[in-house]
Structures are given as structure tokens and as C-alpha cells.
2 protein chains.
Amino acid sequence: MLRVNILTVGDELLCGDVRDSNFQYLASILSDNGIEVCRHMTLMDKTEDVKKAIILSLNESDWVIVTGGLGPTTDDITKEAAAQALGVKLFKSQEKMDELKRRFLSFKKSMPSCNEVQAFLPEGSVALYNSIGTAPGIFAANASGKKLVLLPGPPREMVPMFEEQVLHKLLKESEDRIKKEYIVLRTTGLGESVIQQKVTESKLEKWGVKSAFYASVGDVKIKLSAVGSDIEETVKRLKSAERCLKRRLYPYIYGKGEDEILEKIVGRMLRRQGLTLSIAESCTGGLLAGRLTEVPGSSAFFHLGIVSYSNESKIKQLGVNRKTIEKYGAVSEYVAREMAMGVMWKSKADIGVGITGIAGPAGGTMDKPVGSVYIGLADKRGQIVKYFQFPGDRISVRSRTVQTSLDLLRRRILRIV
Amino acid sequence: MLRVNILTVGDELLCGDVRDSNFQYLASILSDNGIEVCRHMTLMDKTEDVKKAIILSLNESDWVIVTGGLGPTTDDITKEAAAQALGVKLFKSQEKMDELKRRFLSFKKSMPSCNEVQAFLPEGSVALYNSIGTAPGIFAANASGKKLVLLPGPPREMVPMFEEQVLHKLLKESEDRIKKEYIVLRTTGLGESVIQQKVTESKLEKWGVKSAFYASVGDVKIKLSAVGSDIEETVKRLKSAERCLKRRLYPYIYGKGEDEILEKIVGRMLRRQGLTLSIAESCTGGLLAGRLTEVPGSSAFFHLGIVSYSNESKIKQLGVNRKTIEKYGAVSEYVAREMAMGVMWKSKADIGVGITGIAGPAGGTMDKPVGSVYIGLADKRGQIVKYFQFPGDRISVRSRTVQTSLDLLRRRILRIV
């Protein structure tokens, strides 16, 4: 496999305030293309540090990609460090200087003198055009033919430069190498350890397939990978593993691929079946409505959302019976059921969802501790109410409730519940 | 300043799927305590790589913190690499072995043989207790007295171990060093470049104060920092800079500190003044309600939320006049106003908010392109409606709308609008 090191330059990243999204973006796009990322370093704006890191990285990898430190101010030292690492000098490119001046002219500004440094390039390197900002990127190679790429730090400048001017070179160079292929399966409703165990029992080794697990609140992604020089054959092995897991993990696998989030799947199912939906939320306070309407085109199925935090609003807006609340409490099976039915009738939707629970930190009792949640669902087939006891803090309880409600909807449409 | 290097070990982080939250957490807590993070590296699970990185890091820093690779499987190589870097051997700690066995017993399980490696420690090191998992942490020092700390990778194990058993040692060692102090001011309503310009014009250098800017959707944080050996004097200089900016950036600064997010500020203002709030959302689909209710105690002021996506629900649920929609369109000043008034009346709240707009990607016209949003606010003083044209995609338009609505609420309560 082609090996790449990634370096990120910038004091601001080392104090933990700013997340370095560039590394994750590059690592992900490289991995998806079967290229191995061997090491990542975040470095201060110090010429000597960056120079040493570039030399080290050129020794251990085929390519080195550096982001950040190409701006016009004195703490932008990446180009100088790169020149030193390559053992060359910086020279003034008249072509780049003219281009910079034209650019400032087009903004109707004269070029500040500090920007002149942006026209300096390491000898023997090629400038990469920046369609957004003034800092050109740099493409260079050392004496052993290892490649060094310098990219600007702002993602909106870095991403188009990388995709339009760098990626194809990388892909070309990795063409004849062994590649890694991936499949991502998305599951909900089982914990990471259970999923892991079931996958281990599936003995994917027989297809030469490896698995990795990525858990977020209420959701576990299974990433299957296989290595080979014949892509078609590799994909075939991955598909066999996928079929095996789909059988074993039914009905917990809800989608395939990075973008196939649960709200998208549920929205698509509702649209395809021509069903409409209304929801009444108490403890989730609008988050379920927010997630369902994040997907474009949700107006086709989403009728009405009601956030009924207080007992009064449950009674007045949703028609929940006052006696039900008095007898069983606002957080109860019966109230969840009446909320689901109430919002369905009120809006004449095909499906109604009612959510009531205790997100915390206050409000818990011995009987109903923080994390107690009832999710009700009503449709023409009747009503179901499920009780859950979710762990974690307020944010965690709320997002688990939203995720579980989406899954309950999915299962109801699939007629599993 | 005390200097620290951070290393993260794990193949899974280098393929871009998993975000390394440990680094950001550690970098942030160290910086906040005036300790300098000099370099961060993400490394593969290779003994030789990790060993070399530890040696390099011990050379350039006072402390080295490594997370990950302490588990029981064959790819957990951090302890072996650390022992090699320190020039010592791993030995079996009978005490740890007994503790591990007791632990498995308490889960009513016998200990798998692979877990035995977790009882091995580098000679001369001290084990750190893991209250959550089975992997002990390691605290060691090299011949020059530089400290090496190994922590488990899962954040829920790493964070308590670091906070309870490591942080106080770091703080003690950095006691007599020069320290950096910080203040974070939060602004909304102005772009990053305008904020930056106004801060530059304020000439904070006269107090020896530096500024950095962190922009997220609709929000710019200003981080002011100053270095000094006398903390009180440093804080005094920071406060002078803060007062100066508060004058210059009024009323755009809404809060101070990392945790003082806008919904918290608005919630606190509503509670203090005993005001109640109801909101009617179209294009934001429940996100504003979701953010307002994310703050514990929001039931004190939050009366009712309605997500009225369709025209029918605006008419039936909120009492918007059908003729208003026919004459001006659902995305219009008049509909926003009637939504705000409707939800206020219906729920008998003190303040009503109505939001209608085009989040995209479809639905835009020449007159009202994607990103057109009307935010209406009604209270006993009357109604106001503001028009905005937000840039970006669906997610961006929706979050800018939520942020702007919160700011409008804040300004209304402050009687600025």
C-alpha cells in the first residue's frame, strides 16, 4: 500500500480549542482509496520542529502532506521549514507575484507588503492554485522521489486544492499497489460488546475480512475491510461477509454506508409508503422533530410536531386526559399512548409518536429514576408503548431517546413490532 | 512553562473514522492550567514506532502522556514500547494480578488468559487504578526525571484516571513556572473578520494580552490570553482587556466562558425575569425547542413548541389566517408575525416566537432564495419581525436561524430591540 504521513501546523490546535478537521478529512479520503496513513503529527509554528518532522516523515512514508502555516504572517513558517527539509532555498516566483497583485487588484485593494512572502516557493517545486485564498499550495519531491505537499490550513481552501490538484496524483501512484476496500454497516439497538461478539462468532476471517467497531450514542457502525490487488475479488469477499452479518444481526442493521443515517432511512420508508407522521415530545423537547426534518424533503411526510413540556400543554394541545396524568403521572405508559394518539388525531396523520420521560438531572424518583422514558406509537394497527431506562446524563438520555424512537418507527413500518 | 507531549496510539484513528477526543480533552485542560502542549502524534499499533516517538517526546518535553494500546489483545503494544523507551523490562506484578482476578470474579467471570498481560508493568513504574475497566494506567520517569504517563484509550476510563491520579502531579510540577491565563468571550451576530478587526483596533498589546478567534456557525469566540509569573497581575491585565472589548463590541458579546452557550444565557434571563416562552417553528423543525430544552430546568420557562411544517398546520394549530398565507406566502413577514402571536396566545406564554423560511435545497425562488428566513417575536410590548438571508446549505441555514432566534430573544429581553 502507498504510505502517507500527515502533518498539521499551528499553535492554536495544540491548545485544544480548535479541532483539526483537516487530518480527519484527509485520513478518511486516503483510507477510502486504499492508501495507508502511517502517522499524524500536530506541530507548533516553529521552523526547526516542522523541518525535523518533515524529514522524519519523508523517511518513513512515500508521501507527506502538511496543512497550515502558509499565510502571510511571521508565524507562517511551513514553506521555510519545507525548503530546509528538502535542502533547497526559497526563490521569488515573478509569476506568482503578478498573480497575487492581480488578485488584490480584483478585490480593489493594493497588496499589503506582508503578502509578498506568498510568492516565494522552494526551488524545484510547483505551486498549487488556490481558488479561494491568497496562499498557494506547494507540490515538491525530495532526492529519493518522495512527494511533499503543502496545503493551506483553512478547510475551505485546503479541500478543493487537494481534491482538484493532488488526489489524482496520489491515486495514480497507488494504482498498482495492494488496496484496502471497505463496507460500513450501521446498527442500532444493541451495545458495542454484543455486536462485537456476534461479529467474532461469524468468523469473517474465512473471507479475509477484518472488522472494526465505532460506537456513538445508540448506534454502532461496523466497518468491514479486506485487502487485495484485485478489487473485484476483494469486493466479492466483503459482500459475502456482509450477507453473513445481515443474517446474524437482523433486524439491528438498518443501513449501509457512511451517509445512511437513521432519520434518512426512516424518512425514505415513510415517503415510499406514502405515510405521514406527527410527533408529540416532552423530554426530548423538539429534538426528534429536528432530526426528522434535517433531511431534505421531509415536508412530504412530516405533519405536525408538538413540544408539550408541561402537563397543561399535554392536556390542552394533545387531549391527554387530566385523570390519566393524575393517576399514573406524566411519565407513564398511558400518557405516552395518549400523546401519540392525540397528536395523530389532531393532525390527521397516519402515525403518531408520543415521548415522555425524565432526562434529568432533576425529576427522578425511586420508581422512575432519571433516564426512564416511555415511547408510544399509534397508527391504524393500534398502539404500542415501550419503556426504556437509558444511562448517562441529560444530553445522552435525550439523544438515546431520539435514536430509539427513530428505530421504533423503522420497525413499525417494517412490521417487526 | 511546563512542556507536555501527547501521543495517541491506535490504527483506527489513522483511517479517519474515529475522532481522537482524548487529545483535544487533554490539550484543553493542560492549556487552561497554563501548561504548554508542544506536539501531538497519532501512531499506529507498532512497538518500534511508539518507542521512537516516546524517546523523541521525552527529549523535547518535561512530560509525555500516551493514550491507547493498554488493552489485552496482541495489538496493544504501548506498555512494551514504553519499557523499551525507558530501557527497562516488563515485570509481572502479583498485586495487579490478584486485583484483576478479583475484578473478574466480581463480574462472576473467570479471567481470560489474554488479560494476564494487564498485570505486567515496566520496572520502576507505578500502576494507576482504573475504576471503570481492567487496563491499569502507568506512571513512570526516565533517568533524567522526565515523566511518562500511559492512559487507557476509552475516554470514560482515561478521563477519571487523568483527573484523579495525574492532574494534581502535573499542577504541582508547573506551580513555580510562568503560566498562561485565559478569558473566553462569546459573541454572536458579527462575522469573524469584523470581530478580528475590532479587536485589533483595541490594541490589547498594551496589556500584554493576545487574542485568538474561533468561529462556528453564527458564533465567534474570542480567547484572550496573557503570560506571567504573578497570576493576580496577569488576571488584572486580562480583565482590563475584557472591559475594553465589552465596550467596543456591545451588544454582540453575550457571555463569558466555555460553558456559557447562548441557550443557557437566554434560559437564565427568562427564569430570572419570570417570563415564559412558546415557539412555533417551520424551517427549523424543532431545533430551537431542542436547544432551549437542552438546558436543565427549562421547564420553568418553556411552555409550548409547535413544529408546523405545512400550511394547514400553521392555520389549524397556530391560527394563522389562510388569507395571509395566500396573499404573502408561507415564508413572509406576516406569517412569521401571526405564528409568533398564535403560539403565544394559544399557550398563554409571555413571549411567542415564529420562524418561517426556506432551508433548502429545494423551495427557493427569485424573490425568496434558499436561506430566506423570517423570525417573528411577540410579547406584551408588541411584535417585531426580522428578515435574514443566510448563506450555506440546509444544515447551516437551520443552525444560523436557531442561533439568530436565540440572539433576538436575548436582545428583546435586554430591551435592545
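The values are calculated or read from the model by the stated rules, or taken from the named source; none is laboratory data. Everything numeric in this text was worked out from a predicted model, so none of it was measured. Glycine gets a Cβ as well: all are built from the backbone with ideal geometry, and neighbour counts include every protein chain shown. The area values use the complete protein model at the heavy-atom level, side chains included, leaving out ligands, DNA and RNA. Shrake-Rupley method; radii C 1.70, N 1.55, O 1.52, S 1.80 Å.
Taking the 0 to 90 degree range and rounding to the nearest ten, how far is the long axis of helix A:333-347 tilted relative to the main principal axis of chain A, both from C-alpha atoms?
80 degrees
Of B:F302, A:F107, which has the most accessible area with a 1.4 Å probe, and how do the rest follow in descending order?
Putting B:F302, A:F107 in descending order of accessible area: A:F107, B:F302.
Where the label is 7 Å out from Cα toward Cβ, how close does A:R102 come to the same position in every other copy, in nm, shortest first?
Output for A:R102: 7.6 nm, nearest copy listed first.
Per residue of A:24-31, what is the mean number of Cβ atoms on other protein chains within 10 angstrom of that residue's Cβ?
The shielding value for this peptide is 3.
In nm, what does the list of distances from B:G319 to its counterparts in the other copies look like, shortest first, when each label sits 7 Å along Cα to Cβ?
Here B:G319 shows inter-copy label distances of 2.0 nm.
Go ahead and estimate [θ] at 222 nm for chain B from helices alone: -39,500 (n - 2.57) per DSSP H run with n ≥ 4, summed, over the residue count, rounded to 500.
Estimated from H runs of four or more residues: -12000 deg cm²/dmol.
Using alpha carbons only, how many angstrom separate the centre of region A:162-199 from the centre of region B:156-192?
If we compute the Cα centre of each part, the gap is 35 Å.
With the label 7 angstrom out along Cα to Cβ, how close does B:P251 come to the same site in each of the other copies, in nm, nearest first?
Once sorted, the set of distances for B:P251 reads 5.2 nm.
Quick check for me: using +1 on Lys/Arg Cβ and -1 on Asp/Glu Cβ, what's the dipole size of region B:262-413 about its Cα centre, in debye to the nearest 20?
Charge dipole, region B:262-413, about its Cα centre: 420 debye, nearest 20.
Using only the heavy atoms of the protein chains and a 1.4 Å probe, how would A:Y250, B:Y254, A:Y182, A:Y387 rank by accessible area, largest first?
A:Y250, A:Y387, A:Y182, B:Y254
Amide H to amide H under 5 Å from A:I351: which residues, 5+ apart in sequence or cross-chain, H placed 1.01 Å off N in plane?
Residues meeting the amide H criterion: A:T276, A:L277, A:S278.
Have a look at region A:262-413 and give its Rg and Dmax from the Cα atoms, expressed in angstrom.
14.2, 44
What does the charge add up to near A:W63, with Lys and Arg as +1, Asp and Glu as -1, over the other residues with Cβ less than 10 Å from its Cβ?
+2
Dipole of the protein assembly as shown, Cα-centred, from +1 at each Lys and Arg C-beta and -1 at each Asp and Glu C-beta, to the nearest 20 debye?
For the protein assembly as shown, the charge dipole is close to 3300 debye.
I'd like the Karplus ³J(HN,Hα) series for region B:230-244: coefficients 6.51, -1.76, 1.60, θ = phi - 60°, whole numbers in Hz, and an x wherever there's a Gly or Pro.
Result, rounded to whole Hz: 9, 4, 4, 5, 4, 4, 4, 5, 4, 5, 4, 4, 4, 4, 4.
Based on Cβ point charges of +1 for Lys and Arg and -1 for Asp and Glu, what charge dipole magnitude is obtained for region A:179-256 about its Cα centre, in debye rounded to the nearest 20?
160 debye
Taking the Cβ of B:M344 as the centre, find all other residues whose Cβ is under 10 Å away and add up their charges (Lys, Arg: +1; Asp, Glu: -1).
With Lys, Arg at +1 and Asp, Glu at -1, the neighbours total +1.
When only alpha-carbon atoms are used, what values of Rg and Dmax, in angstrom, describe chain A?
Final numbers for Rg and Dmax: 27.7, 83 Å.
Express as a percent, rounded to the nearest 5, the fraction of DSSP beta bridges in the protein assembly as shown (both residues included) that run antiparallel.
65 percent
For B:N33 and B:I416 in the same chain, what is the full-extension length gain: residue separation times 0.36 nm, less their Cα-Cα distance, in nm?
Computed gain between B:N33 and B:I416 is 134.2 nm.
A:K386: which aspartates and glutamates have alpha carbons under 14 Å from its alpha carbon, excluding same-chain residues fewer than 8 sequence positions away?
A:E333, A:E338, A:D407
Positive end of the dipole of the protein assembly as shown, charges at C-beta (+1 Lys, Arg; -1 Asp, Glu), about the Cα centre: which of A:A143, A:I77, B:W345 has its Cα farthest in that direction?
Value: B:W345.
Of B:G10, B:V37, B:S21, which is farthest towards the positive pole of region B:6-45's charge dipole, taken about the Cα centre with +1 and -1 on the beta-carbons of Lys, Arg and Asp, Glu respectively?
B:V37
Give me the three principal axis extents of the protein assembly as shown from the C-alpha atoms, as integers in angstrom, largest value leading.
Answer, in whole Å and largest first: 75, 73, 60 Å.
Work through the residues other than A:P136 whose Cβ is under 12 Å from its Cβ and net out their charges, Lys, Arg +1 and Asp, Glu -1.
That works out to 0.
Of B:D32, B:D393, B:D367, which has the largest mean-square fluctuation in a 10 Å C-alpha GNM of chain B?
Maximum fluctuation in the GNM of chain B, among the listed residues, is at B:D367.
Rank these by accessible area, largest first, 1.4 Å probe: A:K221, A:K348.
Sorted by accessible area, descending: A:K348, A:K221.
Restricting to chain A, compute how many DSSP beta bridges are antiparallel as a %, nearest 5.
If I count the DSSP bridges inside chain A, around 60 percent turn out antiparallel.
Using only the alpha-carbon atoms, how far is helix A:262-272 inclined from the longest principal axis of chain A? Give it as 0 to 90 degrees, nearest 10.
Approximately 60 degrees, to the nearest ten.
Once both axes come from the Cα atoms, what is the angle between helix A:94-106 and the longest principal axis of chain A, in degrees from 0 to 90, rounded to 10?
50 degrees
Nearest the rotation axis from B to A, which residue of chain B has its beta carbon, and at what whole-angstrom distance?
Its Cβ sits closest to the axis: B:G286, 2.
Restricting things to Cα coordinates, could you compute the convex hull volume per residue of region B:3-174 in Å³?
110 Å³
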